[in-house]
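Notes for the one structure printed next.
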Amino acid sequence: MGPPGFSPRGGGRGGERGGRGGFSPRGGGGRGGFSPGGRGRGAPRGRGGDRGRGRGGRGGMGAGKKVVVEPHRHAGVFIARGKEDALVTKNMAVGESVYGEKRIAVEDEAGKVEYRVWNPFRSKLAAAILGGVDKIHMPPGSKVLYLGAASGTTVSHVSDVVGPEGMVYAVEFSHRSGRDLLNVAKKRTNIVPIIEDARHPHKYRMLVPMVDCVFADVAQPDQARIVALNSQYFLKNGGHFVISIKANCIDSTAEAEAVFAGEVKKMQADKMKPQEQVTLEPYERDHAVVVGIYRPPPKKTE
C-alpha cells in the first residue's frame, strides 16, 4: 500500500487536504499526512498522535490552569475556583488520595498547599454543604464522634476540616469497611478508628472523651435511638449533632417527608433539639440531613 500519506488512496484523510494531516500546526501528524504510523491514518497512536490524552496536565480541575482556592463560610472547608468549581479540603496527608479523588496543589506565601476535591455524590456531608446547610459545627480544632464511618471516605475529609488540632473518633461495625478505615487512619494522626457497634457505646467509652459534635450516617431503623445513646455518653451539653437520614432504611413504605418528620419527633423526645433540615437532592434520593443542638442551655429570662 506504500508509505502513509503516499498511499494509492491519496493519503487517506490527510496529505493532500492539508489542514488535518501533513505537518499541521496541531502536531502529531494529525490523521494521515507524513507521519510514520502505518495504515495511512496518521500518527502512531492512531488518531491524533502527540496530542496527548485529552486536556494535558493532570486533567480534571482546569487542567493545569491557575486554580484559585478560597475559604468557604464553613471554617476548614474551601472552594476551588477553576474551569469547574469544586468543594475541597486541605489535605492533611499530602500526596495521598483516599478514594481516588483529585488533588490540587496551590502555591501560596507559606509554600505549597495540597487540597482534595470533596465529591458530594460520595459523601453525605459534602452534599449537605452544597445543599446550603447553615452550620456543620466542625470547626478546626474540634472533636467529632463519627458514627457509621464505613471505609473512611467522608471521615478523611472531616479529618482535614478539624485539622491537626482536632480529633475524629470514627465508629464502624463492619470489619470489611473497618479494614479500609484503619488504612486511612494510619496516615492521619487525628483519626481514632473504633471497630464496634454504635448501639453499644459503653464498649468504647474508654476511647472517646466528651466531643463537640456527633455526626451519624448509620442507616438503621433505630438511628435516632443510637445517636441519642451516644450523645448521652459523649456529647457535651450544648454540643451539636449532624444526622444523615435515609428514608428507605427507616420505613420504605412511608413518604420520605413523613419519615423525616417522625425522626425529628424522636430526637425531640431525647433532649435533642433539631434546628435545621436539608434534603440531599440532587446528590441522593430521599435523604435528609438534620442539624441540631443537644441539651441546649436554658434561655435566660431577663
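Some notes on this structure:
- Reported count of residues in region 221-240, each being among the hydrophobic types (A, V, I, L, M, F, W, C) and more than 18 Å from Glu172 (Cβ to Cβ), is 3.
- Residues in region 185-205 that are under 29 Å from Gly262 (Cα atoms) and in contact (Cβ under 8 Å) with a residue 40 or more places away in the chain: Ala198 alone.
- Being over 30 Å from Lys236 (Cα atoms), among the hydrophobic types (A, V, I, L, M, F, W, C), open to solvent by 40 Å² or more (accessible area, probe 1.4 Å) and part of a strand (DSSP E or B) is true of Ala105.
- Per the listing Lys273, Lys186, the residue uniquely out of contact with any Phe, Trp or Tyr (no Cβ under 6 Å at 6 or more places or on another chain) and either more than 27 Å from Asn91 (Cα to Cα) or of a type in the set (A, V, I, L, M, F, W, C) (or both) is Lys273.
- Condition check for Val208: buried (at least 22 other Cβ atoms within 10 Å of the Cβ) and either in a loop (DSSP other than H, G, I, E, B) or touching a residue at least 40 places away in the same chain (Cβ under 8 Å) (or both): no
- Residues that are crowded, with 18+ Cβ neighbours inside 10 Å and within 22 Å of Glu255 (Cα to Cα) within region 278-302 comprise Val278, Thr279, Leu280, Tyr283, Glu284, Asp286, His287, Ala288, Val289, Val290, Val291, listed in sequence order.
- Criterion violated by Val133 - all others in (1) open to solvent by less than 10 Å² (accessible area, probe 1.4 Å); (2) free of Cβ contacts under 8 Å to residues at least 12 places away in the same chain satisfied: (2)
- Members of region 137-151 that are open to solvent by 10 Å² or more (accessible area, probe 1.4 Å) and either more than 18 Å from Pro274 (Cα to Cα) or within 16 Å of the chain's Cα centre (by Cα) (or both): Pro139, Pro140, Gly141, Lys143, Gly148, Ala150, Ser151
- Filtering region 192-233 to residues that are among the aromatic types (Phe, Trp, Tyr) and within 23 Å of Ile136 (Cα to Cα) leaves Phe215, Tyr233.
- Consider region 117-150 and keep the residues that are among the hydrophobic types (A, V, I, L, M, F, W, C) and part of a loop (DSSP other than H, G, I, E, B). The one that is nearest to Val106 (Cα to Cα) is Trp118.
- Residues satisfying the stated conditions in region 158-180, i.e. among the polar types (S, T, N, Q) and crowded, with 24+ Cβ neighbours inside 10 Å: Ser159
- Flag for Lys271 being open to solvent by 80 Å² or more (accessible area, probe 1.4 Å) and at pLDDT below 95: yes
- Number of the condition not met by Leu229 [criteria: (1) in contact (Cβ under 8 Å) with a residue 40 or more places away in the chain; (2) farther than 25 Å from Arg285 by Cβ; (3) assigned to a helix (DSSP H, G or I)]: (1)
- When region 248-283 is filtered for residues that are in contact with a helix residue (DSSP H, G or I) (Cβ under 7 Å, 6 or more places away or on another chain) and touching a residue at least 60 places away in the same chain (Cβ under 8 Å), the ones remaining, listed by number, are Val278, Leu280, Tyr283.
The values are calculated or read from the model by the stated rules, or taken from the named source; none is laboratory data. Keep in mind that this is a model prediction, so the values were computed, not measured. Backbone-built Cβ (ideal geometry, glycine too); neighbour counts: all protein chains shown. Only protein heavy atoms, including side chains, enter the accessible area calculation; ligands, DNA and RNA are left aside. Shrake-Rupley method; radii C 1.70, N 1.55, O 1.52, S 1.80 Å.
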